[in-house]
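So the structure is just underneath, and the comments pick up after that.
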Amino acid sequence: MALFDPKAKVISNYQKSIDERSSSIRKYYDEIGKLYYDQYKDMNVDNTKDINTRCEAITRLSNEIEDFKLKILFEKGLKKCPNCGTENSLEYGFCFKCGAKFDEDSSKEPKTSFEAAAATAEEPAAEAPAEEKTEEEPAEAPAEEATEEKTEE
Ligand SMILES: [Zn+2]
């Protein structure tokens with residue numbers, strides 16, 4: 001029996017996200033085809049805006065898919081060479097195939113565009129306060145006595 005591998009679940013979640021985006025992309029391609037055809041058939045129809053929004057959505061989804069693929073690689077202890085695309089072990093400083101140097105951050109978990117978006121959308125969870133502020137009265141009041149001169153009434 002294989003031992004339960006928590007990574008397998010994480011990876012399958014990433015894969016599910018990729019599959020969802022892939023099917024959205026296919027749907028957008030269909031819609032673009034239809035919109036373009038309508039426009040082609042009748043010169044009075046202008047679907048440029050609808051086509052453009054779908055093109056942008058496809059680009060965004062494609063980028064997110066690439067992000068998820070990097071996350072899956074990371075879970076497997078791999079990273080991709082930015083120069084040749086070869087998968088390398090996370091701890092490698094240079095690509096074993098083309099010799100390109102990896103960034104220092106390359107062994108860390110890849111930051112993805114959707115995580116950055118989620119981080120800005122949600123309020124950052126407040127960390128436990130480092131210092132406990134005591135609400136005690138100061139033992140000695142600062143010696144600023146009667147700076148305001150009393151005016152005679
Ligand atoms: Zn390389």
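Please report the relative contact order for region 1-76, taking Cα pairs under 8 Å with a sequence separation of at least 6, and give it as a percent rounded to a whole number. Display every interim value, and only then the final one.
Numbers: 44 pairs, mean separation 36.6, N = 76.
So the answer I get is 48 percent.
Per-residue Karplus couplings for region 79-85, computed as 6.51 cos²θ - 1.76 cosθ + 1.60 with θ equal to phi - 60°, are listed in order as 9, 9, 5, x, 8, 10, x Hz, Gly and Pro entered as x.
Between residue 56 and residue 86, the FRET efficiency from the beta-carbon distance, with R0 = 30 Å, is close to 0.45.
For region 77-121, what is the charge dipole size about the Cα centre, in debye to the nearest 20, if Lys and Arg each add +1 at the Cβ and Asp and Glu each add -1 at the Cβ?
Details: 6 positive and 7 negative charges, 34 e Å.
Using only the charged Cβ atoms, the result is roughly 160 debye.
Note on residue 16: lysines with a C-alpha under 27 Å away, same-chain residues under 8 apart excluded, are 7, 27, 69, 71, 76, 79, 80, 108, 111. Karplus-based coupling profile of region 40-45, in residue order and whole Hz: 5, 5, 10, 5, 7, 7, with θ = phi - 60° in 6.51 cos²θ - 1.76 cosθ + 1.60 and x standing for Gly or Pro.
Summary of packing: across the peptides 56-69, 88-101, the per-residue average of other C-beta atoms within 10 Å ranks them, highest first, as 56-69, 88-101.
How high is the FRET efficiency from residue 5 to residue 63, r the C-beta distance, R0 41 Å, rounded to 0.05?
Values: r = 28 Å, r/R0 = 0.69.
So the FRET efficiency works out to roughly 0.90.
Most tightly packed first, judged by the mean number of other beta-carbon atoms within 10 Å of their residues, the peptides 24-37, 42-55 read 24-37, 42-55. A simple spin-label model places the labels of residue 104 and residue 12 3.9 nm from each other, with each point 7 Å out along Cα-to-Cβ.
Each value in this text was obtained by applying a stated rule to the coordinates, not by laboratory testing. Nothing here was measured: the structure is a model prediction, and the numbers come from that model. Note that each Cβ is placed from the backbone with ideal geometry, even for glycine, and that neighbours are counted across all protein chains shown.
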